[in-house]
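Heads up, the thing below is written out as structure tokens.
The values are calculated or read from the model by the stated rules, or taken from the named source; none is laboratory data. Note that the structure is predicted; figures quoted are calculated from it, not measured. Cβ placement follows ideal geometry from the backbone for every residue including glycine, while neighbour counts extend to all protein chains displayed. Ligands, DNA and RNA are excluded from the accessible area calculation, which covers all protein heavy atoms including side chains. Shrake-Rupley method; radii C 1.70, N 1.55, O 1.52, S 1.80 Å.
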Amino acid sequence: PLVFAAYKDSFESRVPDFPPEKQIKLQKMVINRIAVLAQLDYVLPVLNYFDAKKELIDESVIVYFLCRLLAQFDAPYPTEFYTPVLGLLQHAIDGVKVAKEKDVMCVRDFLARVDDDQARALGAMLVDDATGSPISID
């Protein structure tokens, strides 16, 4: 809990007059440390924290966090894991649509492995309306 509290403080800290893109880069560095905690059986507190703070976090940072998190776990996912992940994805779906292809694929793979109506709806949002095929982002 103490380490996680320190990481949360680092993640939330803001440097005055610091460019937003550099702030996001710093947040991503902290996320890499937080992802280790998730791997060490601290995943639910980590997910609950990000879910509670999602309105304050840039969508690209949420996508980055989720892909680092999902890379550590395999399906089948328990409900208490995938439910907050789906909530974060719902919030950051526009960020997913413009993310790097590897991150889009990470999200699609997760959604395909979750048997849930919300997962199917989110997966459908990642399909190009004009062609009916998955969105291609270069």
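Summary table
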quantity: Residues (open to solvent by 60 Å² or more (accessible area, probe 1.4 Å), over 20 Å from Phe81 (Cβ atoms) and more than 17 Å from the chain's Cα centre (by Cα)) located in segment 11-49; calculated: Arg14, Val15, Pro16, Asp17, Phe18, Pro20, Glu21, Lys22
quantity: Inter-residue pairs, beta-carbon under 8 Å, first touching a residue at least 12 places away in the same chain (Cβ under 8 Å) and in segment 1-17, second among the aromatic types (Phe, Trp, Tyr), 6+ apart; calculated: Phe4/Tyr42; Phe4/Tyr49; Lys8/Tyr49
quantity: Odd one out for Val61 among (1) under 20 Å from Val96 (Cβ atoms); (2) surrounded by fewer than 16 Cβ atoms within 10 Å (Cβ to Cβ); calculated: (2)
quantity: Residue within segment 66-88 that is over 20 Å from Gly123 (Cβ atoms), open to solvent by 80 Å² or more (accessible area, probe 1.4 Å) and touching a helix residue (DSSP H, G or I) at 6+ places or on another chain (Cβ under 8 Å) present; calculated: yes
